[in-house]
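These notes concern the structure reproduced below.
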Amino acid sequence: MQAVRQKHCTSKRGPSAGFTLVEVLMAVAILGVTALALFEGFSTGWATVATVREDLRATQILTQKTEAVRLLTWAELTNCPTTFEEYYYPLGGTNSGVMYYGTMSATGTATNLTDAIPKPLYANDVLLVTVDIYWTNNIGNQVLVHHREAQTLSAYDGMQSYFYGYNR
């Protein structure tokens, strides 16, 4: 029977035995730049989500106000407040959030059209109402003011009167 020879791994200490200080510093620098880019991407992503949420809330408020105006008669519309404030609490609390300021204005009837366009039969019974909304948010050291606007028509007797066949 032959004797089994065992080979022992011997390690030579030399230039190929480990990483140099320059290689380690370069790896740390690359890792640092990658981590910084990752965290900046997360920060920008969350800021974009917050901005989109605020914009969506502004659209919801505009829709709510314009739909309410469409149901009012002109007599009710004159009693409607011309300014409003709405809030948005993204975390569900009541102590911090975005405040939306808005105005509503009526700008005359469809009889204000130019002579080149034939006036519709309902021109004296329709009023154009504009709803504006403003809100601010802080991004870094910069304060940004946002604005949205929606317009709708208000019928003399309210839209539901025309839907259900009631005429004055």
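Bear in mind these aren't lab numbers, they're just calculated from the coordinates by the rules spelled out. Note that the coordinates shown come from a computational prediction; the quantities given were computed from them, not determined experimentally. All Cβ positions, even for glycine, are placed from backbone atoms using ideal geometry, and neighbour counts span all protein chains on display.
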First select every other residue whose beta carbon is under 14 angstrom from the beta carbon of TYR88; then total the charges, Lys and Arg +1, Asp and Glu -1.
-1
Residue-count net charge about VAL145 - beta-carbon cut-off 15 Å; Lys, Arg +1, Asp, Glu -1
-3
What number comes out for the charge environment of TYR101, summing +1 per Lys or Arg and -1 per Asp or Glu over other residues with Cβ under 14 Å away?
-2
